[in-house]
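Read through the structure below, which is laid out as structure tokens, and then see the notes.
The values are calculated or read from the model by the stated rules, or taken from the named source; none is laboratory data. Here the structure is a predicted model, which is why all the values come from computation and not from measurement. In this analysis, Cβ positions are derived from the backbone assuming ideal geometry, glycine residues included, and neighbour counts consider all displayed protein chains.
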């Protein structure tokens, strides 16, 4: 399907379904430039509801909470021509089914790199220094005095950080880690050029770097190859007392294996911002004091969430103006 003039509403603007309640500035721009159908109640819609709501809309602005599998894509009305997702990740969309139907799909790269890398460092520090436990202790009124052995954590400065996935976000995490004098190792399919490595050590096989991982930061996309990648066998390769953080996608981690390692003390701690089946995460994490948990806040700054929305609208604007959307993924 190629860009072109869309069906228009009564006032000449293209109808646009916005599936979730987005930041005020983003919704204001959408309402200005489109006949926007907004969701002020922030209801999460299933595929059947999306198909019903999308009637008459050539464009849909979705988020990761909408699962556009092959069945959901097939159910969309014929007039839907473009889906702009408010995310970098596109694992919630069946791109093959979208392409087969001729549906254009775009994402929002670049704009959330720094916020997500900041969140990764938050998880590294929070998990290593037992920040969650400390805050709960204070809030519960159970902190009685300073003691030499209270909540002793793991030192971050000078340790080895291994990064699984050295794309934009992984490289931004590495830059921040160097501020803590961390020794950076990474694994990707292809080695980065020296100016991007900035002294980091590349491992063609990610398993070869795991024995070095005082800290492991997961920053790769979710694919068939990475689903369940951090399993019990790979955790066993890591040093005792290591720390795992994940700001990528929950299913990259085998929950059974990670929970067992946290319970046994094989891993000192984990910092998790993403989960399998979120928000219905595995309830066993809630009882683990050494799991530092966040509710998928990696991109949650005003600046970043606005930029994500504007990037999605930029793609829609280009499509409806007859141009190729800059961030087309299908």
Can you confirm whether residue 240 is in contact with a strand residue (DSSP E or B) (Cβ under 9 Å, 6 or more places away or on another chain), in the same structural domain as residue 173 (by TED's automatic domain parsing), under 16 Å from residue 161 (Cα atoms) and without any contact (Cβ under 8 Å) to a residue 40 or more places away in the chain? yes
List the residue pairs whose Cβ atoms are under 6 Å apart, where the first residue sits in the range 164-183 and is at positive phi and assigned by TED's automatic domain parsing to the domain that holds residue 248, the second is surrounded by 19 or more Cβ atoms within 10 Å (Cβ to Cβ) and not in a helix (DSSP H, G or I), and the two are 6 or more positions apart or on different chains. 165/219; 165/220
